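Written out below as structure tokens is the structure these notes cover.
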């Protein structure tokens, strides 16, 4: 069984006991989270597509908070001698899917 869930405006394909990195949430480690924006679900080949959402819940547990890998942003203007290098690390929350109920 799997489902496509909308979390913080982004879509994630999730299955039970799967760990997913999502944008930072203001929850504490160990908190239970429930998502109701389910776009698609599949159970043994029976696919249900929402218009726009399916009734049901996806339950998850917050595992950790962290920073992603560094992304380098390089700016240059040719023939001017201008160069600038910036780095950025996106904050994330790691969640583990515990249950999918449709």
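Comparison of 20, 14, 4, 58 shows that the only residue that is under 16 Å from the mean Cα position of the chain (by Cα), within 15 Å of residue 92 (Cα to Cα) and surrounded by 15 or more Cβ atoms within 10 Å (Cβ to Cβ) is 20.
For the stretch 47-72, which residues satisfy the criterion of being at negative phi and assigned to a loop (DSSP other than H, G, I, E, B)? Residues satisfying the conditions are 55, 68, 69, 70. Out of the residues in the stretch 73-102 meeting the condition of being assigned to a loop (DSSP other than H, G, I, E, B) and surrounded by 11 or more Cβ atoms within 10 Å (Cβ to Cβ), tell me which one is nearest to the chain's Cα centre (by Cα). Looking at the filtered set, the residue picked out is 90.
Only the coordinates and a few stated rules stand behind these numbers; no lab work does. As the structure is a computational prediction, the values presented were derived from the model and not from experiment. Heads up, the Cβs are rebuilt from the backbone with ideal geometry, glycines too, and the neighbour counts pull from every protein chain shown.
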